[in-house]
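Working notes, structure below.
The values are calculated or read from the model by the stated rules, or taken from the named source; none is laboratory data. Values in this document were obtained by computation on a predicted structure and should not be read as measured data. Cβ atoms come from the backbone with ideal geometry, glycine included; neighbour counts cover every protein chain shown. Accessible surface is based on the protein model in full, side chains and every heavy atom, while ligands, DNA and RNA are left aside. Shrake-Rupley method; radii C 1.70, N 1.55, O 1.52, S 1.80 Å.
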Amino acid sequence: MVFLSTVQALVGRPLSRNVFAFGTRQLDKALVVEEIAMNIFLVFPLSMILAAMTIRIAAKSIPFIRSDIYTTMLITIVGDIFLEILLPSLQCLPMDQPMQNDMSYIAWLSQTWGFQCPPNLGREALLTTDAVGTLLTIRLIFMCVGVYLGEAFVPIALTGGIASGKTTVAQLLQDPKRLYAQKSSRRKKQKSTTGSSGNTLGSMSGSGTASGLSSFVEGDDEGSFDVIDVDRIAHEVLLPPSVLKGDDPAPDVELPYTTPPEYSLYEQIVQVFENHDILDEYGMIDRRKLGAVIFQDHSLRLQLNRLTHPRILFLLLRKIARGVFVGSKDIICADIPLLFESGQLRRLFALTICVAAPKELQFERLRKRNPDISLQECWHRINSQMPMEEKLKRADIVIWNTGDMDALSEDVEKLRRDVIGRIFGVGMSLLQMLLLVGGSLSLAVSSKLFT
């Protein structure tokens, strides 16, 4: 193919091999079993890993190049490598002589992938077109399944400081039409428009993907987000199993519950905090009381984290897997308040987005949202999290929420376009490229177009 052939020519060691070389050797059971075994243990996992790495590298983007163009360039190069391996891979497999040592195995493997075919192969040692077409189709199927799984599992994460507006951004990503309708209604009532707030998307300058929220509402449904609320998972695991079953629903949690009753941690947490008042009048765990206790006692916070974090992580992974492989949304986004504080959890995600706001604005919003907590506790909650400056360094995309709802809506729509460009590019995906070119080649070989 073009990319590898160019590289080989530049380094001065071009590989000479006959891509289409057919003979009289028929397909037998040993060849099929050997090919299937190699596809299961080598082709499938290698394809999945390479596809996942490709999308994750593309999602990071680079300066001065539009994110969607960069992703398309990267997909084209990697797809070229896949096809370079696929096209000539079956012209001389396997070795006729039995393997004697490790070196003969390496020689067999290099022949299997078409990189080192002996120059003196006769027609009796080469496979027929029917045999090549069959084996090529088998390899293409395993390769495409691996690429599909690797490309599909690219969840992204949304995080931010306390009272920074992260929840609003999550709602805008998941249901922009509803919030746009609310914004339009508010505009009609006010009969005036506010000026620009100066909101900026720190990592999106130069992406060339700006477009207004109205373009989405007018019928462009590309880029749908399924937002998984990790804070809601953390809330639901605190509920008693009877509540999660629906027998006695909690008044402050939106139905239906998404956590199965068997994953409730209610009894374990009540036992750990038996000497503290953490229950409300209905006998349920009061998160504000619980938060006040653990913010004052570091050891109790560690005990609570040891109980809840593994359970929350398991439920999060289950929801991500279900959304990736069963759901209908384009992007799976996990809303995780303490993503960077959770250690290596951020490595699970292909892209991290941080919603930021100055400390003074966080304090003002927190006081407005929770007027019952003291000034000291407000500052304590803000300062207990990782500093915003450190979060901004670790995030791939930063969205500043310092203005009004109109400005934030426009910035979130720019964010949506940028994320779609980073992950999907401007056209053909890696899987589509393999299906189109590899499928056409398999059909052409099977139809004896090269004989």
Long-range amide H partners of ILE228 with built H, under 5 Å: CYS333, ALA334, ASP335
Karplus (6.51, -1.76, 1.60) ³J(HN,Hα), θ = phi - 60°, over the range 426-434, in Hz, Gly and Pro reported as x: 10, x, 7, 7, 4, 5, 4, 5, 5
Quote the FRET efficiency, to the nearest 0.05, computed for GLU124 versus TYR263 with a Förster distance R0 of 51 Å and r equal to the Cβ-Cβ distance. 0.25
Of LYS289/LYS329; LYS245/LYS414; LYS60/LYS289; LYS393/LYS414; LYS245/LYS359; LYS166/LYS329, pairs whose Cα-Cα distance is over 32 Å: LYS289/LYS329; LYS245/LYS414; LYS60/LYS289; LYS245/LYS359
Karplus couplings for the range 278-283 from phi (6.51 cos²θ - 1.76 cosθ + 1.60, θ = phi - 60°), rounded to Hz, Gly and Pro as x? 10, 9, 8, 5, 9, x
What order do you get for 308-317, 43-52 when each peptide is scored by the mean count of other beta carbon atoms within 10 Å, highest first? 43-52, 308-317
Ranked highest first by the average count of other Cβ atoms within 10 Å around their residues, in what order do 295-304, 260-269, 130-139 fall? 130-139, 260-269, 295-304
Scalar couplings 3J(HN,Hα) for the range 404-411 by Karplus 6.51 cos²θ - 1.76 cosθ + 1.60 (θ = phi - 60°), nearest whole Hz, x for Gly and Pro, are 8, 5, 4, 5, 5, 4, 5, 5
Rounded to the nearest 0.05, what FRET efficiency do SER299 and GLN344 have when you use their Cβ-Cβ distance and R0 = 22 Å? 0.40
If you consider only alpha-carbon coordinates, what radius of gyration and Dmax does the range 311-413 have, in Å? 16.0, 46
Hey, got the Cα dimensions of the range 299-352 along the principal axes, in Å, largest first? 42, 19, 14
Built amide H within the under 5 Å cut-off of ALA356, gap 5+: ILE399, TRP400, ASN401
Once you sort the root eigenvalues of the Cα gyration tensor of the range 381-438 as a ≥ b ≥ c, which label holds: rounded (a/c under 1.5), prolate (a/b larger than b/c) or oblate (the other case)? oblate
Per residue solvent-accessible surface (Å²) - the range 219-348, probe of 1.4 Å: 54
